[in-house]
There are 2 protein chains.
Amino acid sequence: MSLGRYLPILIWGRAYNSTTLTNDLVAAAIVTIMLIPQSLAYAMLAGLPPEVGLYASILPIIAYAIFGTSRALAVGPVAVVSLMTLTAASAIAPPGSAQFIAAALVLAFLSGAILLIMGVLRLGFLANLLSHPVVSGFITASGLIIATSQFKSILGISGSGEAMPELLRTLFANLADTNLPTSIIGGTAIAFLFWVRKGLKPLLIRLGLNPRAADLTAKAGPIAAVALSTMAVVLFDLEAAGVKVVGTIPQSLPPFTLPLFDADLWRQLAVPALLLSVIGFVESVSVAQTLAAKKRQRIDPDQELIGLGSANIAASFTGGYPVTGGFARSVVNFDAGAQTPAAGAYTAVGIAVAALFLTPLLASLPIATLAATIIVAVLSLVDFKTPRAIWTYSKPDFAAMATTVLVTLLAGVESGVMAGVGLSLAMFLWRSSRPHAAIVGRVPKTEHFRNVKRHNVLTDPRILTIRIDESLTYLNARWLETFVLEQVADQPDLRHLILMCSAVNAIDASALESVEAINHRLTDGGIQLHLSEVKGPVMDALERSHLIHDLTGKIWLSQNEAFSALMILANDLDEPNKQEDLWLARGLI
Amino acid sequence: MSLGRYLPILIWGRAYNSTTLTNDLVAAAIVTIMLIPQSLAYAMLAGLPPEVGLYASILPIIAYAIFGTSRALAVGPVAVVSLMTLTAASAIAPPGSAQFIAAALVLAFLSGAILLIMGVLRLGFLANLLSHPVVSGFITASGLIIATSQFKSILGISGSGEAMPELLRTLFANLADTNLPTSIIGGTAIAFLFWVRKGLKPLLIRLGLNPRAADLTAKAGPIAAVALSTMAVVLFDLEAAGVKVVGTIPQSLPPFTLPLFDADLWRQLAVPALLLSVIGFVESVSVAQTLAAKKRQRIDPDQELIGLGSANIAASFTGGYPVTGGFARSVVNFDAGAQTPAAGAYTAVGIAVAALFLTPLLASLPIATLAATIIVAVLSLVDFKTPRAIWTYSKPDFAAMATTVLVTLLAGVESGVMAGVGLSLAMFLWRSSRPHAAIVGRVPKTEHFRNVKRHNVLTDPRILTIRIDESLTYLNARWLETFVLEQVADQPDLRHLILMCSAVNAIDASALESVEAINHRLTDGGIQLHLSEVKGPVMDALERSHLIHDLTGKIWLSQNEAFSALMILANDLDEPNKQEDLWLARGLI
């Protein structure tokens, strides 16, 4: 079974039967119909010839079916990764050129290699660096950029740029060149697709279809838009009127390609490939987890890295470009009843058949229709509800999200991701370096110790207890020294300082050094340092340190024990009830 | 007084009197004598003409005296920063060339600007990224590299390289060119300086000097080595025998220089300048804190950034190179009785006088003597005790240290620092993304809840309590979902899950999303989610979230309250004493 962990196909393959086969085949047929226009569209968004989108939807799906752990995830070209591919490869050569296509292959290869290495080293946790607000902001901003960039095809004008300012500038500069027939096709397609999305399903249900069938039929809307607009072009000879079409697509299975092994190119593409891999991985894992949870299945993020890595390697050897698990197609696959990754393999066969036999039908497909499918698809990614909720809940999280959105819009996708990740990390480190700490006292008649600022508690001028609410690490070691010594200053009666370690899960070597320094400096002032409620693993480590010998005070099992014993010691009391008397005398209980 | 925070001179200047003046003058005289050979030596280590070392010891000291907060810190060229300057500027031009000197000025300017900006933005916490093991490893490795690199001057041969393999290769390749008189001078100087360090002070004490005077006299050892070896060169005409000497040093005050404003050069030097600034800052602050603690004074790290920043800006405008607070000279300054930063200003005057009048005396000073002072100084930085203590205490900290040492030795200082910081950060993030969590139960007859694995505690199959020992952030949000849902699996009787939040100091937006997802998924299994012991600030934030409405269970003030109430609810008991009966029946109390 441990082999099954690395080859999930061995697990689900064993239980495969005719029912699963039927379900998977139905799902595959529906997904294939949906994928054909989408694959063409995303390839063109990435600045690549349309057939590259089909090639990227064949072998990568099969590779994921073998190594991936999600039962319903559909791997292939997706919007955000296509935009990132365009940005990265544009730095090498102009979109559409042979060098550009070669760069896209190298990107797929590098990002496959990065994902595989991360998977083998079990580095999936690095994806945690992308917080939810950063991912959400990034996807919203990318969606806006993609939608804007596609507007040029809707209007039949030229325009370019990787970020909003340049995109808008070129769009407005060329607005006068707007081609009317193209705009009519594009506008109609957008309106039609939005109606398909919102209005077709209710209509079909009213017409008597059951909800599931209505839903799946509505998902085929894009193929209707493709068919109708292609027919319009052919019937009215709109090509002559300036409507740009997809043109001849070679009828062929995916070619065998070899990513260029050029050290210089690799160096230039390494960072973009890393960003693209991690963004693609996070997007894919979120989709996979959502779908798995609905059927109480599990996915293994580290194995997902291997699944997506092999899909990208497969793309780089078969004329494709970077792929990942897409949201829309995975949901369709799931809703259509896919039960195993075999559904993906059947989809691959369907697309291969399309690439071999159906491409001539697509030669007159207007590019504006593809742009319309992209716009409708990505506008659903734009999310205005989440920012409001995050603003209400947490201003720092909102700052990370807003930074990601703004930098992505103004400076492009790569800068956007890096700014978001960098700011989140800096804020996290800042908070870790200034942890919460409280001076605590005993809640009367209990064994509990709480913050003196928030509760009416017992304290003693000879004993100070500081509770540190964080593990002690190199990030806060310096803070610890400063904070503790500040609390001790101007307390002439103080004889005992207790560090209450109930929330300290670790003390690293730098923090140990700081505790030793505190111990040393307190000695000069005649103050003993004690520790209380030290956790098991922390105590095990301390026993291997010098501190255990040098500590002027004691290490107490419980704070209550420490406080009671030191109370007696510091006030020269030798019986527990005298201590009660002392508190009574002070009117504390 | 708030102006005094930014201009500490206003505070100590007010209390200045004739006693302080005398003390400061004495200290300045001693430090000046020590600094002259050291400044020349470090400038040559950095690949710069010797006078640059003198220039870097004049205005920067005065700038620090105005803006710095340490009373005893002596600012100027130091070994590690000199090595980093050599490495960074060598990437621009060969050492000693006019472009190399210009690059060193730009480095000083950039690192001054970086320090000032960090100071103004109060970003001193970023220096926390350099953990104690990383700094310790880096300084040891740099010391070894510097000592090895100076061996070429001791032997009178040529050799170069920024890391050990290249250094050793070039040294061995040229070993046949060894110059005998140079080796004799160098070897004698090393032996003499080591003896001065270890043997002179006891000898002077035995001869009747008081310990402090003996100590300070011993500190003047290097100047004796300089004088004696210069005389030897002049008397025996050793220059003719191939002994390399310092040569003519211009007699002048520091020149006014302008760092080149060249965008390309700035880009190339930005990262080295950042590393150099942070390393210099950490070294300087450690020294300043150690000295301040001895006199119960305080230093302000953010203001130190401004002090060191202005010192470096001053260096860049007066023909210097990057400076920082040095360990050796600061200790001498402190031991010699310096009471205020004015001592530094008097030192600056002393060195300016030396630069004007004494440089002709240094023309015949053998470079081997300067190399000997460097070797003896840096070998005291090499520390073999700390690695052993860290190995015993914490393997991850040792791994960070060992990586820093190895990468510094094999690939140079910049790679070494980055590898150490990167590995420490990666390990910190890894631990933060997999926090400690425990299933807890009630310790019999108390209100305490402890880990079921470590203690004999009361639990109930209908109620599961998970204590999370870490703030919930985006780094562990995904882990939280996986961990909690795993604990819940295969527990058919479970009706209530309590997340005990006593160690949770914050819940960010990503983690909130995960808690909401857990709440949602548990609903399907008929399990209610409760929170207990939520801290005040966390509760304030939660009240602004959806979770507060969607939560299927309750938020309880104390874990004890939650457990008792749910125990009654889940077991259909309605009186507290029945609950006790239940436990009795199970033989638990």
Every pair of residues 6+ apart whose Cβ atoms lie under 7 Å, when the first sits in region A:124-138 and is β-branched (Val, Ile, Thr) while the second is at pLDDT 85 or above: A:Val134/A:Ala400; A:Val134/A:Met401; A:Val134/A:Thr404; A:Val134/A:Gly420; A:Val134/A:Val421; A:Val134/A:Ser424; A:Val135/A:Val282
Condition check for B:Asp540: farther than 26 Å from A:Arg298 by Cβ, out of contact with any strand residue (DSSP E or B) (no Cβ under 9 Å at 6 or more places or on another chain), charged (D, E, K, R) and without any contact (Cβ under 8 Å) to a residue 40 or more places away in the chain: yes
Residues being in contact (Cβ under 8 Å) with a residue 60 or more places away in the chain and either closer than 17 Å to B:Ala311 by Cα or not in a helix (DSSP H, G or I) (or both) - total across region B:96-116: 13
Subset of region A:158-184 that is in a helix (DSSP H, G or I) and of a type in the set (D, E, K, R) - its residue that is farthest from A:Ser142 (Cα to Cα): A:Asp177
Test: residue in region A:144-159 that is open to solvent by less than 20 Å² (accessible area, probe 1.4 Å) and touching an Asp or Glu at 6+ places or on another chain (Cβ under 7 Å): yes
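Filter the helices (runs of 4 or more DSSP H) completely within region B:382-436 down to those with at least 1 residues that are open to solvent by less than 30 Å² (accessible area, probe 1.4 Å), facing another protein chain (nearest Cβ under 10 Å) and in contact with an Asp or Glu (Cβ under 6 Å, 6 or more places away or on another chain). Talk me through it step by step, then tell me what you get.
Working: elements: B:385-393, B:395-411, B:413-433.
Once the helices (runs of 4 or more DSSP H) in region B:382-436 are filtered for at least 1 residues that are open to solvent by less than 30 Å² (accessible area, probe 1.4 Å), facing another protein chain (nearest Cβ under 10 Å) and in contact with an Asp or Glu (Cβ under 6 Å, 6 or more places away or on another chain), what remains is B:385-393, B:395-411.
Whether any residue in region A:388-402 is in contact (Cβ under 8 Å) with a residue 40 or more places away in the chain, under 16 Å from A:Ile146 (Cβ atoms) and within 18 Å of the chain's Cα centre (by Cα) is what I want to check.
Keep residues of region A:388-402 that are in contact (Cβ under 8 Å) with a residue 40 or more places away in the chain, which gives A:390, A:397-398, A:400-402.
Remaining after also requiring under 16 Å from A:Ile146 (Cβ atoms): none.
Looking for residues that are in contact (Cβ under 8 Å) with a residue 40 or more places away in the chain, under 16 Å from A:Ile146 (Cβ atoms) and within 18 Å of the chain's Cα centre (by Cα), one finds none in region A:388-402, hence no.
Across region B:457-493, what is the total count of residues that are in a loop (DSSP other than H, G, I, E, B), among the aliphatic types (A, V, I, L, M) and either at pLDDT 90 or above or not assigned by TED's automatic domain parsing to the domain that holds B:Gln559 (or both)? So that I can check it myself, show each step before the final result.
Looking only at region B:457-493, we keep the residues that are in a loop (DSSP other than H, G, I, E, B), and these are B:457, B:459, B:461-462, B:469-471, B:473-476, B:489-493.
Then keep just the ones that are among the aliphatic types (A, V, I, L, M); that gives B:457, B:475, B:489.
Imposing the further condition that a residue be either at pLDDT 90 or above or not assigned by TED's automatic domain parsing to the domain that holds B:Gln559 (or both) reduces the set to B:475.
Adding up the residues that qualify gives 1.
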Residue match in region B:484-492 (condition: of a type in the set (Gly, Ala, Ser) and more than 8 Å from chain A (Cβ to nearest Cβ)): yes
Some residue of region B:186-205 being under 35 Å from the mean Cα position of the chain (by Cα), modelled with pLDDT of 85 or more, of a type in the set (S, T, N, Q) and under 24 Å from B:Gly412 (Cα atoms): no
Options B:Leu406, B:Leu362, B:Leu358: the member that is at pLDDT below 90, aliphatic (A, V, I, L, M) and more than 15 Å from B:Tyr42 (Cβ to Cβ): B:Leu358
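Residue-wise test of (1) out of contact with any strand residue (DSSP E or B) (no Cβ under 7 Å at 6 or more places or on another chain); (2) assigned to a helix (DSSP H, G or I); (3) within 14 Å of chain A (Cβ to nearest Cβ); (4) open to solvent by less than 10 Å² (accessible area, probe 1.4 Å).
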| residue | (1), (2), (3), (4) |
| --- | --- |
| B:Leu276 | yes, yes, no, yes |
| B:Ser286 | yes, yes, yes, no |
| B:Gly307 | yes, yes, no, yes |
| B:Pro322 | yes, no, no, yes |
| B:Val331 | yes, yes, no, no |
| B:Phe334 | yes, yes, no, no |
Residue ID - nearest to the chain's Cα centre (by Cα), chosen from residues in region B:538-549 that are within 12 Å of chain A (Cβ to nearest Cβ) and part of a helix (DSSP H, G or I): B:Val538
Residue list for region B:128-157, restricted to those being part of a loop (DSSP other than H, G, I, E, B) and either within 14 Å of chain A (Cβ to nearest Cβ) or out of contact with any helix residue (DSSP H, G or I) (no Cβ under 6 Å at 6 or more places or on another chain) (or both): B:Leu130, B:Ser131
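From the set of residues in region A:288-300 that are within 15 Å of the chain's Cα centre (by Cα) and surrounded by fewer than 24 Cβ atoms within 10 Å (Cβ to Cβ), which is farthest from A:Gly119 (Cα to Cα)? Show your work before the answer.
First, pick out the residues of region A:288-300 that are within 15 Å of the chain's Cα centre (by Cα): A:288-290.
Filter once more, keeping what is surrounded by fewer than 24 Cβ atoms within 10 Å (Cβ to Cβ): A:289-290.
Values: A:Gln289: 17, A:Thr290: 21 Å.
Top of the filtered list is A:Thr290.
From the list B:Gly187, B:Gly119, exactly one residue is in a helix (DSSP H, G or I) and surrounded by fewer than 19 Cβ atoms within 10 Å (Cβ to Cβ). Which is it? Break it down into steps so the answer makes sense when it comes.
Numbers: B:Gly119 fails: surrounded by fewer than 19 Cβ atoms within 10 Å (Cβ to Cβ).
Answer to the selection: B:Gly187.
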Members of region A:18-68 found to be surrounded by fewer than 24 Cβ atoms within 10 Å (Cβ to Cβ) and not in a helix (DSSP H, G or I), listed by number: A:Pro49
Any chance B:Arg454 is farther than 17 Å from B:Ile527 by Cα and without any contact (Cβ under 8 Å) to a residue 40 or more places away in the chain: yes
Flag if A:Gly344 is on the phi > 0 side of the Ramachandran plot and more than 14 Å from every other protein chain (Cβ to nearest Cβ): no
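Is region B:224-243 home to any residue that is under 23 Å from B:Leu121 (Cβ atoms), of a type in the set (D, E, K, R), open to solvent by 20 Å² or more (accessible area, probe 1.4 Å) and without any contact (Cβ under 8 Å) to a residue 24 or more places away in the chain?
First, the residues of region B:224-243 that are under 23 Å from B:Leu121 (Cβ atoms): none.
No, region B:224-243 has no match at all.
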Condition check for B:Ala72: part of a helix (DSSP H, G or I) and not acidic (Asp, Glu): no
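Does region A:511-537 hold any residues that are within 11 Å of chain B (Cβ to nearest Cβ), assigned to a helix (DSSP H, G or I) and in contact (Cβ under 8 Å) with a residue 12 or more places away in the chain, and which are they?
From region A:511-537, those within 11 Å of chain B (Cβ to nearest Cβ) are A:511-514, A:516-518, A:520-521, A:524-525, A:533, A:535-537; that's our starting set.
Applying the additional criterion that residues be assigned to a helix (DSSP H, G or I) yields A:511-514, A:516-518, A:520-521, A:524, A:536-537.
Once the filter is applied, which keeps residues that are within 11 Å of chain B (Cβ to nearest Cβ), assigned to a helix (DSSP H, G or I) and in contact (Cβ under 8 Å) with a residue 12 or more places away in the chain, region A:511-537 yields A:Ala511, A:Leu512, A:Glu513, A:Ser514, A:Glu516, A:Ala517, A:Ile518, A:His520, A:Arg521, A:Pro537.
Would you mind stating whether A:Val75 is open to solvent by less than 20 Å² (accessible area, probe 1.4 Å), among the β-branched types (Val, Ile, Thr), within 19 Å of A:Val349 (Cα to Cα) and modelled with pLDDT of 90 or more?
On the way: open to solvent by less than 20 Å² (accessible area, probe 1.4 Å): yes; among the β-branched types (Val, Ile, Thr): yes; within 19 Å of A:Val349 (Cα to Cα): yes; modelled with pLDDT of 90 or more: yes.
The answer is yes for A:Val75.
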Every residue from region A:255-306 that is modelled with pLDDT of 85 or more and among the aromatic types (Phe, Trp, Tyr): A:Phe256, A:Trp266, A:Phe281
Residue within region A:267-288 that is more than 25 Å from A:Lys219 (Cα to Cα), among the basic types (Lys, Arg) and in the same structural domain as A:Ala104 (by TED's automatic domain parsing) present: yes
From the options B:Ile527, B:Ile507, residue that is in the same structural domain as B:Arg462 (by TED's automatic domain parsing), open to solvent by 10 Å² or more (accessible area, probe 1.4 Å) and under 26 Å from A:Trp430 (Cβ atoms): B:Ile507
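Would you say B:Pro259 is outside any helix (DSSP H, G or I) and touching a Ser or Thr at 6+ places or on another chain (Cβ under 7 Å)?
Details: outside any helix (DSSP H, G or I): yes; touching a Ser or Thr at 6+ places or on another chain (Cβ under 7 Å): yes.
Against the criterion (outside any helix (DSSP H, G or I) and touching a Ser or Thr at 6+ places or on another chain (Cβ under 7 Å)), B:Pro259 qualifies.
The values are calculated or read from the model by the stated rules, or taken from the named source; none is laboratory data. In this text the structure is predicted, and so the values were computed from the model without any measurement. As a convention, Cβ positions derive from the backbone with ideal geometry for all residues, glycine included, and neighbour counts pool all protein chains shown. These area figures cover heavy atoms from the full protein model, side chains too; ligands, DNA and RNA do not enter into them. Shrake-Rupley method; radii C 1.70, N 1.55, O 1.52, S 1.80 Å.
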